[in-house]
Amino acid sequence: MEEKKNQIVAMVRQLLGRQAQENRARVTGMEPLCGDGSQRLFYRVFLDNQPSVIAVLANEDNPLSRAEAASAWDIGRHLHRAGVPVPEPLAFARETGLILFEDLGDTRLHDLVQQEGGVEENHLFALYRNTVGELARMQVKGGQGFDIAWCWQTPLYDRALMLERESGYFLQALCRDFFGLTPDTGALHREFCMIADTAATAPAAFFLHRDFQSRNIMIVDGAVRIIDFQGGRLGPLGYDLASLLIDPYVCLSQELQESLLDEYLFELVKQVKYDVHIFRKEYLYLSLQRNLQILGAFAFLGKQRGKTFFLPFIQPALFSMRSLLAKAGTDKYPVLAGVVDNCLEKIGNTVP
């Protein structure tokens with residue numbers, strides 16, 4: 001670990017370059033930070049004569065990690081230039097994948113919601129209202145001039161991705177690997193296709209963050225700042241909104257979700273012409289897709305990666321899935337609804 005820290009210090013000094021020499025800045029300390037589900041390494045680097053910076057280091061064991069770092073740098077610079085409230089990208093060493101970002105502190109939207117004593121409903125609504133407003137602006141402005149060459153995964157959120165990396169993820173990671181279920185795969189796939197077919201009708205020319213939830217929203221002096229955008233690509237509007245509103249980390253009430261959906265649409269139509277009635281239908285099916293992705297990811301990270309932090313959130317995500325299926329019409333998706341019920345029956349013996 002000491003060798004790794006020395007390597008980071010050397011890289012930081014090199015990246016700061018002339019600016020550091022002119023200001024006589026030097027590294028005075030480092031603090032490791034948690035990266036949730038990421039395999040990258042995160043450090044807060046303390047400097048004298050300058051504010052601290054965040055160093056993000058690619059995972060040497062993952063051959064795709066440098067490509068992910070390049071996306072974080074390129075997409076971050078694009079969003080920052082577009083006026084989206086992301087941390088300013090300061091420097092990048094493409095050969096190693098080390099990036100320096102502006103330090104936004106430690107306060108996430110999730111932390112404020114979960115703080116002891118809770119948050120007053122009016123204050124909570126204000127925080128989320130600001131967040132959905134920034135989301136609408138990011139989706140429209142970030143989509144303008146977006147270069148798909150910056151994407152390290154897929155350039156577009158489409159039907160193929162829905163079936164492979166969301167419903168397929170749900171089936172393998174949650175149903176089979178986590179719960180040991182053996183559902184009727186053919187019937188389940190047909191229902192997955194029905195959901196994806198409807199979700200894929202939404203226009204996909206906007207910037208899609210793809211993990212826009214409360215732990216990726218920083219609050220700095222009362223203002224919303226957005227992190228963890230390296231998985232961005234072009235996609236539909238409703239997906240990121242669903243990521244925020246059905247977020248199992250916070251479990252917003254249905255009433256608050258509806259109010260925030262209205263606020264989002266109010267801000268969206270300021271940015272772009274969009275039929276709000278069509279959006280609401282798209283939103284429901286994109287919410288189902290996002291919920292499938294959440295459940296697959298939490299099961300995989302919790303079991304395969306040993307990140308037990310994610311395990312307690314599987315149950316609320318299953319309840320969310322049941323609620324969304326009821327809105328879409330449980331009779332249309334009886335196999336998936338049955339699988340969700342089976343998972344809920346098993347969860348008491350599986351999740352600590």
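The values are calculated or read from the model by the stated rules, or taken from the named source; none is laboratory data. This structure is a prediction, so every number in the text was calculated from the model and none was measured. Virtual Cβ from ideal backbone geometry, glycine too; neighbours counted across all protein chains shown.
Looking only at strands (runs of 3 or more DSSP E) that lie completely in region 1-60, which have at least 1 residues being aromatic (Phe, Trp, Tyr) and at pLDDT 80 or above? Talk me through it step by step, then tell me what you get.
Details: elements: 27-33, 41-47, 53-57.
So the answer is 41-47.
Condition test on residue 66, is it closer than 19 Å to residue 37 by Cβ, among the basic types (Lys, Arg) and assigned to a helix (DSSP H, G or I)?
So residue 66 fits the description; yes.
Just name the residue that is nearest to residue 304 (Cα to Cα) out of those in region 149-190 that are polar (S, T, N, Q) and within 20 Å of the chain's Cα centre (by Cα). Walk me through it before giving the result.
We begin by selecting, within region 149-190, every residue polar (S, T, N, Q); these are 153-154, 167, 172, 182, 185.
Filter once more, keeping what is within 20 Å of the chain's Cα centre (by Cα): 153-154, 167.
Details: 153: 21, 154: 23, 167: 18 Å.
Going through the qualifying residues, I end up with 167.
Select from region 188-229 the residues that are of a type in the set (Gly, Ala, Ser) and within 17 Å of residue 284 (Cα to Cα) and list them in ascending order.
196, 199, 200, 202, 204
So which residues in region 312-338 are assigned to a helix (DSSP H, G or I), among the aromatic types (Phe, Trp, Tyr) and closer than 22 Å to residue 184 by Cα, if there are any at all?
319
Could you please let me know if residue 91 is in a strand (DSSP E or B) and either in contact with a Leu (Cβ under 8 Å, 6 or more places away or on another chain) or not assigned by TED's automatic domain parsing to the domain that holds residue 247 (or both)? Show your work before the answer.
Working: in a strand (DSSP E or B): yes; either in contact with a Leu (Cβ under 8 Å, 6 or more places away or on another chain) or not assigned by TED's automatic domain parsing to the domain that holds residue 247 (or both): yes.
Judged against the criteria, residue 91 is a match.
If the requirement is being surrounded by 12 or more Cβ atoms within 10 Å (Cβ to Cβ), under 23 Å from the mean Cα position of the chain (by Cα) and of a type in the set (A, V, I, L, M, F, W, C), which of these qualifies: 344, 336, 325? Explain how you work it out, then say what you get.
On the way: 344 fails: under 23 Å from the mean Cα position of the chain (by Cα); 336 fails: under 23 Å from the mean Cα position of the chain (by Cα).
Step by step, each of 344, 336, 325 is checked, and only 325 is surrounded by 12 or more Cβ atoms within 10 Å (Cβ to Cβ), under 23 Å from the mean Cα position of the chain (by Cα) and of a type in the set (A, V, I, L, M, F, W, C).
As an exercise: evaluate residue 166 against (1) closer than 30 Å to residue 330 by Cα; (2) assigned to a loop (DSSP other than H, G, I, E, B) and give the number of the one condition it does not meet.
Residue 166 satisfies every listed condition except (2).
Among the numbered criteria (1) surrounded by 13 or more Cβ atoms within 10 Å (Cβ to Cβ); (2) touching a residue at least 12 places away in the same chain (Cβ under 8 Å), which one does residue 35 miss?
(2)
If you scan region 191-201, which residues turn out to be without any contact (Cβ under 8 Å) to a residue 60 or more places away in the chain and either over 25 Å from the mean Cα position of the chain (by Cα) or over 17 Å from residue 279 (Cβ atoms) (or both)? First the steps, then the outcome.
Filtering region 191-201 down to residues without any contact (Cβ under 8 Å) to a residue 60 or more places away in the chain leaves 193, 197, 200.
Selection gives 193, 197.
Limited to region 49-70, what total is found for residues that are more than 20 Å from residue 87 (Cα to Cα) and among the charged types (D, E, K, R)?
Count: 2.
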